[in-house]
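Only one structure is covered here, and it is reproduced in the block below.
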Amino acid sequence: MIIAAGAVVGDGVVHRPGWVSIRDGVIDDIGSGLPPTGPDLEFRSSTMVPGFVDQHVHGGGGASYTDGDPDQVRAGVAFHRRHGTTTTVTSTVSASRAELAGIVARLAPLVRDGVSAGIHLEGPWIAPGRCGAHAPDRLRAPDLDEIDRLLEIADGTIVMVTIAPELPGALDAVERFVAAGVRVAVGHTDATYEQTRAALDRGACVATHLFNAMAPLGHREPGPVLALTEDPRVVVELIGDGVHLHPALVADVERTVGAGRTALVTDAMVAAGMADGDYVLGSLDVCVLHGVARLRSNDAIAGSTATMDALFSRTVAGLVAEPNPMPRDDALLAASAMCSTTPARVLGREDIGLLAVGYRADLVVLDEELQVQHVTGIDINAAPDTTTEGSAS
């Protein structure tokens, strides 16, 4: 199959026009101008980008990942795929020891079946003062016996964990996870600059939603933000939904850190794509008003209702905006890196996240307004299977 488009965002270049040739689900050629033979599909005024990779997401479309229910996970993954996310990590929230072990046991087979690209344990090893939308009674310091048990249950399916490095035993936990091949993210933390540096030197390599739920940058105590942004080993997550961060800050991080070290994430919860109303995140009641999810108990932001296509278009708009406008093609390349290439690298994947020869043909076509028009392998206009999607509660 050959698919042509008005613009194809490739490896470091935007082909205008461009085309991609696919054989057995893998890209076997890509180029500019007219394809060697007539295209099977053509989108003359559209932009083709690699499928989005969301490394931090808790659900969407009325479905939740947080208790590991297989039907809910499949429904949530299908919802996000219609919005261009072709690779999804299933993120949890803080839970008791027994609950977390059960959640991991239910999620692990979905990773082995290819539904999910891995499990992300966000908590319970996070700071009480920065817990955000995590139940305070589910938090605890890292315990190596519990960690070993979870690694045994997961059997290689945990890809990332979030840990606050200032907690007792946190640095030993970082080393234990790193030795098991798990990416450790620093987040939900009041760590000092020095404590954060210590975690990075033990192997931590990701910042969980930079700026959000962490001590702010200070001129006398720079805290985790400076330690995470200045270290070339670290990829920083940004929730670029216009609620968690100002668009100018997202653009500034891209200019300062670079798209190769920045991963846009939705941190989406069950209400993504749903109407305003009452929902549950883990064990906590959430109210969504004007698309913003907040805890009923204290009005704290409780994840997002974003999708990756919305983050992509918003980021392109922010990068081309004054006072430091970026050329549009450069903005497309940067947004593509942040939504696809960089998170794929975080996950250790060399087969996704890029439109290049040898990569999996996960293609997303966006119209002139950067809205999803086509995703390989699915009909985005088909009615979702609501029998397994759950609902507001």
*Are there any pairs, at least 6 apart or on different chains, whose C-beta atoms fall under 6 Å, with the first in segment 180-209 and closer than 19 Å to I158 by Cβ and the second of a type in the set (F, W, Y) and in a helix (DSSP H, G or I), and if so, which?*
V184/F177
_strands (runs of 3 or more DSSP E) (entirely within segment 149-259) containing at least 1 residues that are small (G, A, S) and at pLDDT 95 or above_ = 183-186
*How about segment 124-141: which of its residues are in contact with a helix residue (DSSP H, G or I) (Cβ under 7 Å, 6 or more places away or on another chain) and either touching a residue at least 60 places away in the same chain (Cβ under 8 Å) or not in a loop (DSSP other than H, G, I, E, B) (or both)?*
P128, P136
*For segment 5-92, which strands (runs of 3 or more DSSP E) that fit wholly inside it have 3 or more residues that are among the hydroxyl-bearing types (S, T, Y) and either within 18 Å of C339 (Cβ to Cβ) or modelled with pLDDT of 95 or more (or both)?*
41-50, 85-88
*Being more than 20 Å from the chain's Cα centre (by Cα) and aliphatic (A, V, I, L, M) is the filter; apply it to segment 204-247 and report the residue that is farthest from F177 (Cα to Cα).*
L217
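Quickly run through segment 140-159 and pick out the residues that are surrounded by fewer than 24 Cβ atoms within 10 Å (Cβ to Cβ) and either outside the structural domain of P124 (by TED's automatic domain parsing) or of a type in the set (A, V, I, L, M, F, W, C) (or both).
Matches in segment 140-159: A141, L144, I147, L150, L151, I153, A154, V159.
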_Selection within segment 305-323 - surrounded by fewer than 21 Cβ atoms within 10 Å (Cβ to Cβ), more than 11 Å from L370 (Cβ to Cβ) and not β-branched (V, I, T)_ = A321, E322, P323
*Name every residue in segment 45-60 that is more than 19 Å from G123 (Cβ to Cβ) and in contact with a helix residue (DSSP H, G or I) (Cβ under 9 Å, 6 or more places away or on another chain), in order of residue number.*
T47, V49, P50, G51, F52, V53, G60
*Conditions (1) at pLDDT below 95; (2) not assigned by TED's automatic domain parsing to the domain that holds L332: number failed by G123*: (2)
*Among A75, A4, A63, which is of a type in the set (A, V, I, L, M) and over 26 Å from the mean Cα position of the chain (by Cα)?*
A4
_Need pairs with beta-carbon distance below 8 Å; first residue in the same structural domain as R183 (by TED's automatic domain parsing) and over 19 Å from R345 (Cα atoms) and within segment 225-243, second part of a loop (DSSP other than H, G, I, E, B) and aromatic (F, W, Y); sequence gap 6+ or separate chains._
V225/F211
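Where residues in segment 248-266 are more than 19 Å from the chain's Cα centre (by Cα) and of a type outside the set (D, E), which of them is farthest from T85 (Cα to Cα)?
Top of the filtered list is T256.
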*State the number of residues belonging to segment 17-43 that are surrounded by fewer than 24 Cβ atoms within 10 Å (Cβ to Cβ) and in contact (Cβ under 8 Å) with a residue 40 or more places away in the chain.*
9
_Residue pairs meeting the criteria (Cβ under 9 Å; at least 6 apart or on separate chains; first over 10 Å from L150 (Cβ atoms), in segment 97-111; second of a type outside the set (A, V, I, L, M) and in a helix (DSSP H, G or I))_ = E99/R138; R106/P70; L107/P70; P109/P70; L110/P70; L110/R74
*Considering segment 51-75 alone, what residues qualify as being free of Cβ contacts under 8 Å to residues at least 60 places away in the same chain and buried (at least 24 other Cβ atoms within 10 Å of the Cβ)?*
Y65, V73
*Name every residue in segment 246-269 that is crowded, with 18+ Cβ neighbours inside 10 Å and not β-branched (V, I, T), in order of residue number.*
A251, E254, A259, R261, A263, L264, D267, A268, M269
*Go through segment 263-375 and tell me which helices (runs of 4 or more DSSP H), entirely inside it, have 3 or more residues that are in the same structural domain as A213 (by TED's automatic domain parsing), touching a residue at least 40 places away in the same chain (Cβ under 8 Å) and aliphatic (A, V, I, L, M).*
308-319, 328-336
*Only residues that are over 19 Å from P343 (Cα atoms) and not aliphatic (A, V, I, L, M): list them for segment 219-243, please.*
H219, R220, E221, P222, G223, P224, G242
_Suppose the filter is surrounded by fewer than 24 Cβ atoms within 10 Å (Cβ to Cβ) and in contact with a Pro (Cβ under 8 Å, 6 or more places away or on another chain); does G240 pass it?_
no
*Taking only pairs six or more apart or across chains, which ones have beta-carbon atoms under 6 Å, a first residue in segment 146-166 that is under 14 Å from T90 (Cα atoms) and hydrophobic (A, V, I, L, M, F, W, C), and a second residue that is modelled with pLDDT of 95 or more and part of a helix (DSSP H, G or I)?*
A154/V104; A154/A108; V161/F177
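The values are calculated or read from the model by the stated rules, or taken from the named source; none is laboratory data. What you see is a predicted model; the values in this text were computed from it and never measured. Note that we place each Cβ from the backbone using ideal geometry, even for glycine, and neighbour counts take in every protein chain shown.
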